[in-house]
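Just below is one structure, and these are the notes that go with it.
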Amino acid sequence: MAMIVFYEKPGCVNNTKQKQILQQSGHDVVALDIRVQTWQPETLRSFFGDRPVAEWFNPAAPRVKSGALVPEQIEAEEALAQMCLDPLLIRRPLIESDGRRLAGFDEAVLEAWIGLAPRPVPTPQVCPRSEGICPEPDSQ
């Protein structure tokens, strides 16, 4: 399977679940703290592909949530400069494997790229019919 470098914010619940999905799919995951990397604009830019600049940002970043930074109103160069100074602004996780890079955990892209193991669908706890009351079986 693939060797994956996974840039995360340690303790992030979503990043933890995403790493588990990758590991359960048989991939080796090297997790690194996104906040302590020395990011350069050109390196960081390579994770975003052709996505619009606004999609480069973590919508839960404190500066984005507070309105201090509005992703839709910032140009690419300034976005990269801000992200290098404040890595919490970066959409997580950043994923790197076999020379390819991705920002965010897009399962369809990852499935096509490295493969993901099928995950079981949770078993319903309540019958979806009759407001949770299952009809009596036919007596034949």
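The values are calculated or read from the model by the stated rules, or taken from the named source; none is laboratory data. Given the structure is predicted, the values throughout are model-derived calculations rather than measurements. Heads up, the Cβs are rebuilt from the backbone with ideal geometry, glycines too, and the neighbour counts pull from every protein chain shown. For accessibility, only protein heavy atoms count, side chains too; no ligands or nucleic acids. Shrake-Rupley method; radii C 1.70, N 1.55, O 1.52, S 1.80 Å.
A compact table of results
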{"item": "Among I74, I21, I34, residue whose mean-square fluctuation peaks in a GNM of the chain (springs only between Cα atoms under 10 Å)", "result": "I74"}
{"item": "Within the chain, helix-based [θ] at 222 nm, where runs of 4 or more DSSP H residues each add -39,500 (n - 2.57), nearest 500", "result": "-7000 deg cm²/dmol"}
{"item": "Top of D33, D86, D50 by mean-square fluctuation, Gaussian network on the chain, Cα under 10 Å", "result": "D50"}
{"item": "Anisotropy class of region 10-77 from Cα gyration tensor, a/c 1.5 cut", "result": "prolate"}
{"item": "Candidates W113, W56, W39: whichever shows maximal mean-square fluctuation once the chain is modelled as a Gaussian network with Cα springs under 10 Å", "result": "W113"}
{"item": "For peptides 58-70, 89-101, sequence by mean Cβ density within 10 Å, most packed first", "result": "89-101, 58-70"}
{"item": "Largest to smallest accessible area among T38, T43 [probe 1.4 Å]", "result": "T38, T43"}
{"item": "Antiparallel content of DSSP bridges confined to the chain, in %, to 5", "result": "55"}
{"item": "5 angstrom amide H check on I4, placed H, neighbours 5+ away", "result": "D28, V29, V30"}
{"item": "Accessible area expressed per residue, the chain, with surrounding protein chains retained (probe 1.4 Å, Å²)", "result": "64"}
{"item": "Nearest-20 debye value, the chain charge dipole, Cβ charges on Lys, Arg, Asp, Glu", "result": "360"}
{"item": "Gyration tensor (alpha-carbon) shape descriptor, region 1-47, a/c threshold 1.5", "result": "oblate"}
{"item": "Under Karplus coefficients 6.51, -1.76 and 1.60, residue-wise ³J(HN,Hα) of region 82-96 in Hz, glycine/proline x", "result": "5, 5, 5, 7, 9, x, 5, 6, 6, 4, 10, x, 9, 10, 9"}
